Structures are given as C-alpha cells and as structure tokens.
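Below you'll find the structure, written out as structure tokens, and then a few comments.
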Amino acid sequence: MSAAGIDALCVSVGSDLPYLTGYRAHISERLTMLVLDGDGTATIVIPKLEAPRVQPRGRAFAVHPWEETDDPVGIVGQLVGRATRVAIGSQTWSRFALALQAQDRRRSWVDAEDVMAGLRIVKSAGEISALRNAATSVDRVADEINEMRFSGRTELDVAREITDRTIAAGHQSVEFCIVASGPNGASPHHTASDRVIEVGDAIVVDFGGYQEGYCSDTTRMFVAGEPTADFKEAYAVLREAHASAVTFAGNWREVGHTASQIDAHARQIIGAAGYGDRFIHRLGHGIGLDGHERPYLVDGDDTLIEPGMAFSIEPGIYTPGEWGMRIEDIVVVNDTGVESLNNSDRNLRVVS
Ligand code: ZN
Ligand code: ZN
C-alpha cells in the first residue's frame, strides 16, 4: 500500500477478504467491509448477526459488529478517517462504493487490485496443496465418468450425477458443470440443458468447484459411440496444442515467457492446422480463491511467468451447429517447470 501511495484499503465481498482474513463474507445487502489503514490497524465492519462466523487469526484484526439500525457506511467512513487515497475492492457493491464516495469528496479511490493482485497471483505452498487436492478430486470423477451412460439422458441429468460425484469426492461445492452435447458443444460456456444426448454426439464436460476454499476446473471430451473422421482429426490437433502449450509453459526458466506468449504458442499450432478462426477464447486463466483470476493467458497480458503461479491451459476448437471440443488442465509453475495438477486420461473417451 505504501509503495502504491495508498492510505487505506477497503475490501468487501469477493476473495480478497478471505485471502487476508480467512473469512468469506455473505453476499448480501448488508455491508461487510475490512478496513486496513496505513498504520496496519485492521477492522472488519460486519452485520452483528454474522459476527459469530468470524474467527480473527490471533489479534490480526478487530471485529466491529453493527446493529440493524446502524449506518455501516458511516462506520467505515470513520475508520477510513483522514486517508485521502483509498483502495476499494473491485467486487464491492456500487451502492456502498457510491455512498462512500459521496461521504467525502476530497478522497480519491483506486482499485484494490493494484495492491491485491500482486499478492494473490503467487501462491504459497499451502495454497498449492489445496489446489492440488481439489484437482485430484475432479480427476477421480473425470475418470469415473467413463463408466457413465450418456446417450438417452439429458445434459442436466448427466450434470447432476457429475455434481453429486464431485461432492462425494471431497468438494464442498460445485460451482459449474458444463455438459454440452452435439451442437451445444460449440458454445464454450453452455449451460447444461434438457437436450437428450444422442448416439454419435461429442460431449464437452467442464466442471469444478471449491475444496478447502480453493477452486478446481477441468475439461475432458467424450463421444457417445463413434467419433466422425473430421472430429478425430481436429481432436489430434487439440491434443497437440494442449500438450505443446504445457511443455512451452514449463520452459519458462530458459526463455522467460509472458502469459500472452503461452497463448500465442497454442494459437499458432491450431492456426497452422487450419482451425485458427474456431479457437474463439483465450488459452487460460489464473485460479485460486477465485475460479478465474490473474494472470490471463491472452494477447495483451504481459505478466511474467514465475514460480507459484497457477493457471489453466484450455485450448478449444468450435464448429457452430456441429460440435465443440476443449481440453483443460490446471498447472502450477515451480522452480524447474510446471506441474500439471490434473492428470486424468486426456484421450477422447468413447462412452455409451
Ligand atoms: Zn473449465
Ligand atoms: Zn477454466
């Protein structure tokens, strides 16, 4: 904060709060906000009914519960005090941000990401271990899926079963479960629907959630019956692009890549095979307390790769009206290369 010229930091809902305090706030119309000033005094302003959920680590921060009839924005304003340059969490409700701004027009406001992103982008050993455990659980489920029946069932029905299996494997929650069959596969963020899966459909299965507070996210490809020749041909290109991007990322120490260069590497392979215009999204995203966080493997993100970073590598090829395909693993950068946290079978899986 001092280096960035910031006098006070205010973080509300979102993952910056649990990163700093271990407490994830309820997303609600009642304000929860941590105020940290330049002297290192930290206070959580929290609705009284939610205060019992907070367990301060030692004396790291004080808890200031507010009653239903109190003015929580006023309490935050007092704690911010004479600070003139204040960083505010990017996921704070605008209602509170606007009220804080209106309180004292002499203050200037900046995005708390200026302070937080640099901390959160490099994971500690404990965070990596939580990410690894979450990945191991979804890998187990991804391999169990081979035994599941797809054809004749709706996407929703299959998604429900995968969700249940993921909870049974150790997740506390499943945040998304994309089951995109046939033409639906061409929509990368398709929501599982009541479409009945047919014999011959390719199915994108992309799912993840929270375990020990950290996220999982993996994608594998299934075909109900026999894949078509054009699908197999494209899948071979996708496998090559995925594997090559992981190897390329792993050479970071010799070459010193940026996030955008890893994206460009995979894009070059897919483009050379003639599918360039069908790879319609970035190669990957950071992962941690949030499912999507920095760095982003996309043109323009010049973040230098360094040990402790965790991100997805997930190339895809999409043919509108016909099919889509994607392979996704989470990798963690270490001193010598990268470790793939996801290791379930990456072959095209033939299911019933
Ligand atoms: Zn995913
Ligand atoms: Zn992802």
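The values are calculated or read from the model by the stated rules, or taken from the named source; none is laboratory data. Every value quoted in this text rests on a predicted model; they were computed, and no experiment measured them. Cβ coordinates were reconstructed from backbone atoms using ideal geometry, including for glycine residues, and neighbour counts include every protein chain displayed. Surface accessibility is based on the protein's heavy atoms, side chains included, excluding ligands, DNA and RNA. Shrake-Rupley method; radii C 1.70, N 1.55, O 1.52, S 1.80 Å.
Farthest toward the positive end of the dipole of segment 8-120, out of Trp66, Met116, Thr92, is the Cα of Met116, where the dipole comes from beta carbon charges about the Cα centre.
Share of Cα-Cα pairs in the chain beyond 28 Å, in percent? Everything past 28 Å amounts to 50 percent.
Between Ser94 and Val63, full extension at 0.36 nm per residue minus the direct alpha carbon distance yields a gain of 8.8 nm. Taking all protein chains as they are arranged and a probe of 1.4 Å, the heavy atoms of Asp345 leave approximately 60 Å² accessible to solvent. Considered as an equivalent ellipsoid built on the Cα gyration tensor, segment 1-90 has semi-axes of 20, 15, 12 Å, the largest given first. Give the calculated FRET efficiency between Asp345 and Val122 to the nearest 0.05, with a Förster radius of 22 Å applied to their Cβ-Cβ distance. The formula returns an efficiency of 0.10 here.
Computed about the Cα centre, the dipole magnitude for the chain is approximately 660 debye when only Lys and Arg (+1) and Asp and Glu (-1) carry charge, each at its Cβ. Across the protein chains, with a 1.4 Å probe defining accessible surface, the residues Phe248, Phe61 rank Phe248, Phe61 from largest area downward. The angle between the Cα long axis of helix 229-250 and the longest principal axis of the Cα atoms of the chain comes to about 40 degrees, rounded to the nearest 10. The stretch between Ser151 and Ile167, if pulled fully straight at 0.36 nm per residue, gains 3.4 nm over its current Cα-Cα span. Charges were assigned to the Cβ only: +1 to each Lys and Arg, -1 to each Asp and Glu. The resulting dipole of segment 274-313 about its Cα centre is roughly 160 debye. Dividing the summed -39500 (n - 2.57) terms of all DSSP H runs of n ≥ 4 by the residue count of the chain sets its mean residue ellipticity at 222 nm at -9500 deg cm²/dmol. For the chain, the antiparallel share of DSSP beta bridges with both residues in that region comes to about 75%. The long axis of helix 94-103 is offset from the longest Cα principal axis of the chain by roughly 20 degrees.
Averaging the Cα positions of each part gives two centres, and for segment 237-292 and segment 36-64 these lie 41 Å apart. In the chain, a dipole from Cβ-located charges (positive for Lys and Arg, negative for Asp and Glu) runs towards its positive end, and of Ile75, Leu341, Val54 it is Ile75 whose Cα lies farthest in that direction.
Accessible area per residue for segment 125-351, computed on protein heavy atoms with a 1.4 Å probe, is 39 Å². In the chain, a dipole from Cβ-located charges (positive for Lys and Arg, negative for Asp and Glu) runs towards its positive end, and of Gly200, Ile262, Ala42 it is Ala42 whose Cα lies farthest in that direction. With semi-axes defined as the square roots of five times the eigenvalues of the C-alpha gyration tensor, the equivalent ellipsoid of segment 231-342 measures 23, 14, 13 Å, largest first. Sequence-distant contacts, meaning Cα pairs under 8 Å at least 6 residues apart, place the relative contact order of the chain at 16 percent. Extension gain, Ala243-Arg30: 0.36 nm per intervening residue step, less the Cα-Cα distance, totals 72.0 nm. To the nearest ten degrees, helix 125-144 and the longest principal axis of the Cα atoms of the chain are 30 degrees apart.
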